[in-house]
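Below: the structure, in structure tokens.
The values are calculated or read from the model by the stated rules, or taken from the named source; none is laboratory data. Every value quoted in this text rests on a predicted model; they were computed, and no experiment measured them. Because the Cβ atoms are built from the backbone with ideal geometry, glycine has one as well, and the counts that use them run over all protein chains shown. Ligands, DNA and RNA are excluded from the accessible area calculation, which covers all protein heavy atoms including side chains. Shrake-Rupley method; radii C 1.70, N 1.55, O 1.52, S 1.80 Å.
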Amino acid sequence: MEKDFYTSEVDPVILKQRGDYISERWTQLHEVSTKAADETKKFLFIVNAGGAVAVLSFIGVNETSDIALGAKSALILFCLGVVSVGILHARITHRLYDLFTDWRENCSKYWNQEIGYTQLTTEDEKKTDSDKCEFVIGYISAAFFLAGLIVGGVTLLN
């Protein structure tokens with residue numbers, strides 16, 4: 001059996017270091033991923049929801065149909081921004097669940113000597129690469145906000 005596996009043949013100091021790393025990695029994955037995702041989702045939700053509320057208030061006090069059409073368009077864009085934040089939230093939740101499930105399974109395989117420590121960490125590095133889909137969804141939400149802002153601004157100026 002190789003020294004890369006979790007066995008009694010491996011120096012106890014190395015096993016402790018690996019165990020500490022595994023524990024720290026669990027904590028790190030959870031804290032960093034959750035914090036970044038939460039902050040992004042909050043920001044996008046707040047700006048899109050705030051835009052929607054502002055447009056609804058504007059529609060409520062304005063009776064001109066031309067302005068109302070532009071305002072309704074802006075409202076739809078802000079609402080689409082809020083919906084895309086919901087999609088982003090679901091996507092991140094599922095991705096984090098998958099990350100932790102895979103990490104837990106691979107740690108179990110490591111402790112059962114089915115994979116080595118190098119494979120454990122290599123698999124984790126592959127799976128924790130950035131998910132471009134999440135970034136795209138976030139940018140879509142930001143684009144809806146900017147489009148709503150532009151449409152709302154043009155409507156106000158006319």
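Annotations for the structure displayed:
- Qualifying positions in region 129-147 - touching a Ser or Thr at 6+ places or on another chain (Cβ under 8 Å) and open to solvent by less than 50 Å² (accessible area, probe 1.4 Å): Ile137, Gly138, Ser141
- All positions within region 60-106 that are of a type in the set (Asp, Glu) and part of a helix (DSSP H, G or I): Asp66, Asp98, Asp102, Glu105
- Test: Gly60 is of a type in the set (Gly, Ala, Ser) and under 32 Å from the mean Cα position of the chain (by Cα): no
- Residue check, Leu75 at pLDDT 85 or above, of a type in the set (A, V, I, L, M, F, W, C) and touching a helix residue (DSSP H, G or I) at 6+ places or on another chain (Cβ under 9 Å): yes
- Count - residues of region 91-107 that are within 13 Å of Arg25 (Cα to Cα) and exposed (fewer than 13 other Cβ atoms within 10 Å of the Cβ): 1
- Qualifying residue in region 59-68 (condition: modelled with pLDDT of 85 or more and farther than 30 Å from Phe135 by Cβ): no
- Region 11-42 - residue that is in contact with a helix residue (DSSP H, G or I) (Cβ under 8 Å, 6 or more places away or on another chain) and among the β-branched types (Val, Ile, Thr) and, of those, nearest to Val136 (Cα to Cα): Thr40
- Note on region 107-126: residues that are part of a helix (DSSP H, G or I), more than 30 Å from Lys42 (Cβ to Cβ) and either at pLDDT 90 or above or not acidic (Asp, Glu) (or both) amount to 11.
- Enumeration of residues in region 1-59 that are open to solvent by 40 Å² or more (accessible area, probe 1.4 Å), outside any loop (DSSP other than H, G, I, E, B), among the small types (Gly, Ala, Ser) and more than 22 Å from Ile150 (Cβ to Cβ): Ser23, Ala36
- Any chance Lys35 is among the basic types (Lys, Arg) and under 24 Å from the mean Cα position of the chain (by Cα): yes
- Filtered residue count, region 127-137, keeping only those that are in a helix (DSSP H, G or I) and modelled with pLDDT under 85: 1
- One residue from Leu80, Leu75 being open to solvent by 70 Å² or more (accessible area, probe 1.4 Å) and within 30 Å of Thr155 (Cβ to Cβ): Leu80
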